[in-house]
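Asker: Okay, here's the structure, questions in a sec.
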Amino acid sequence: MDDLLVRSAPIWRNAEVNLLAAIGQRWSAEVAARYKGMNAFDVARVIHETYRPALPLAECQRLMRDGLIAGFAGQAEPMPGAVTFVKSCARKYPMAVASGSPLPVIEGVMRALGLCFDVLVSSESVAHGKPHPDVFLAAAKALNVSPAMCLVFEDSLIGVTAAKAAGMRCYSVPSGHHAEIAALAD
């Protein structure tokens, strides 16, 4: 969903910046590259492990997740062509959103964009977020479709890694790490 269906990088970055400010740190592209594509809990975990703040991990995770939910409230700027593409596929194929965003965010974005997917899965609801394949496997299972029959659309290296680990084909629309994504995606 993020940066594929809806322009979300500024919302995620603002939530990251606010969490980092709460622990007395500044945003770093180098650190951000390690968690691009992860869910809010895992982003906060990477930040916590990197900076070792006095603030407990659970509080960092709450701040990150709450920041995302607040940031997405009422905002859903579609990526160019995304809504048209999804609507053209909707009657032909079973489709799911498997995202690192919190489920309330996913649901709100789908309502705002007027999109209806068969299944919505947040990686917060599975044992391991991306780069692990759990969220994609959960989506395939909910759709009752073999992973080998799935095509994942991804923008991040972590997401492409998760799709390939799930045994799925992956089409990339890179938002960074272009050469590495091109080498891994189908």
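The values are calculated or read from the model by the stated rules, or taken from the named source; none is laboratory data. All figures in this text were calculated on a predicted structure; none of them were measured in a lab. Neighbour counts are summed over all protein chains in view; Cβ atoms, including those assigned to glycine, are modelled from backbone coordinates with ideal geometry.
Condition check ((1) touching a Leu at 6+ places or on another chain (Cβ under 9 Å); (2) small (G, A, S); (3) without any contact (Cβ under 8 Å) to a residue 24 or more places away in the chain) across all residues:
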residue: A33; (1), (2), (3): yes, yes, no
residue: K36; (1), (2), (3): yes, no, no
residue: A40; (1), (2), (3): yes, yes, no
residue: L55; (1), (2), (3): yes, no, no
residue: Q75; (1), (2), (3): no, no, no
residue: M79; (1), (2), (3): yes, no, no
residue: P102; (1), (2), (3): yes, no, no
residue: V105; (1), (2), (3): yes, no, no
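Asker: Can you go through A166, A182, A162 and tell me which one is small (G, A, S) and surrounded by fewer than 16 Cβ atoms within 10 Å (Cβ to Cβ)?
Answerer: Numbers: A166 fails: surrounded by fewer than 16 Cβ atoms within 10 Å (Cβ to Cβ); A162 fails: surrounded by fewer than 16 Cβ atoms within 10 Å (Cβ to Cβ).
Result: A182 is the single residue among A166, A182, A162 that is small (G, A, S) and surrounded by fewer than 16 Cβ atoms within 10 Å (Cβ to Cβ).
Asker: Working only within the stretch 42-82, note down all residues that are of a type in the set (F, W, Y) and surrounded by 18 or more Cβ atoms within 10 Å (Cβ to Cβ).
Answerer: Just the residues of the stretch 42-82 that are of a type in the set (F, W, Y), to begin with: 51, 72.
Residue satisfying the conditions is F72 alone.
Asker: Consider H128 against the criteria (1) part of a loop (DSSP other than H, G, I, E, B); (2) surrounded by fewer than 16 Cβ atoms within 10 Å (Cβ to Cβ); (3) in contact (Cβ under 8 Å) with a residue 24 or more places away in the chain: it satisfies all of them except one. Which criterion is unmet?
Answerer: Failed condition: (3).
Asker: What is the number of the single condition among (1) under 19 Å from I106 (Cα atoms); (2) modelled with pLDDT under 95 that G176 does not meet?
Answerer: It fails just one condition, (1).
Asker: Name every residue in the stretch 83-107 that is crowded, with 19+ Cβ neighbours inside 10 Å and assigned to a helix (DSSP H, G or I), in order of residue number.
Answerer: Of everything in the stretch 83-107, those that are crowded, with 19+ Cβ neighbours inside 10 Å and assigned to a helix (DSSP H, G or I) turn out to be V86, V105, I106.
Asker: Anything in the stretch 32-47 that is assigned to a helix (DSSP H, G or I) and not basic (K, R)? List them, or say none. Show your work before the answer.
Answerer: Narrowing the stretch 32-47 to residues assigned to a helix (DSSP H, G or I): 32-35, 40-47.
Selection gives A32, A33, Y35, A40, F41, D42, V43, A44, V46, I47.
Asker: Would you call A15 crowded, with 17+ Cβ neighbours inside 10 Å and either closer than 22 Å to A162 by Cβ or small (G, A, S) (or both)?
Answerer: Numbers: crowded, with 17+ Cβ neighbours inside 10 Å: yes; either closer than 22 Å to A162 by Cβ or small (G, A, S) (or both): yes.
Yes; evaluated as a whole, the condition is true for this residue.
Asker: Another one. Of everything in the stretch 1-31, what is touching a residue at least 24 places away in the same chain (Cβ under 8 Å), part of a loop (DSSP other than H, G, I, E, B) and under 30 Å from M110 (Cα atoms)? Give them in sequence order.
Answerer: Within the stretch 1-31, M1, D3, L4, L5, R7, S8 meet the criteria.
Asker: Do we have any residue at all in the stretch 113-121 that's surrounded by 15 or more Cβ atoms within 10 Å (Cβ to Cβ) and of a type in the set (D, E, K, R)? Reasoning before the result, please.
Answerer: Quick first cut of the stretch 113-121, residues surrounded by 15 or more Cβ atoms within 10 Å (Cβ to Cβ) only: 113, 115, 117-121.
From what is left, the residues that are of a type in the set (D, E, K, R) are 118.
So far as the stretch 113-121 goes, yes, one or more of its residues are surrounded by 15 or more Cβ atoms within 10 Å (Cβ to Cβ) and of a type in the set (D, E, K, R).
Asker: How many residues are buried (at least 22 other Cβ atoms within 10 Å of the Cβ) and in contact (Cβ under 8 Å) with a residue 60 or more places away in the chain when one looks only at the stretch 145-154? Quick ask: steps written out before the conclusion?
Answerer: Looking only at the stretch 145-154, we keep the residues that are buried (at least 22 other Cβ atoms within 10 Å of the Cβ), and these are 150, 152, 154.
Add one more test, that the residue is in contact (Cβ under 8 Å) with a residue 60 or more places away in the chain, and what stays is 154.
Final tally of qualifying residues: 1.
Asker: Could you tell me which of the residues A90, A96 is over 18 Å from A40 (Cα atoms), within 16 Å of the chain's Cα centre (by Cα) and in contact (Cβ under 8 Å) with a residue 12 or more places away in the chain? Walk me through how you get there before you give the answer.
Answerer: On the way: A90 fails: within 16 Å of the chain's Cα centre (by Cα).
Testing whether each residue is over 18 Å from A40 (Cα atoms), within 16 Å of the chain's Cα centre (by Cα) and in contact (Cβ under 8 Å) with a residue 12 or more places away in the chain leaves just A96.
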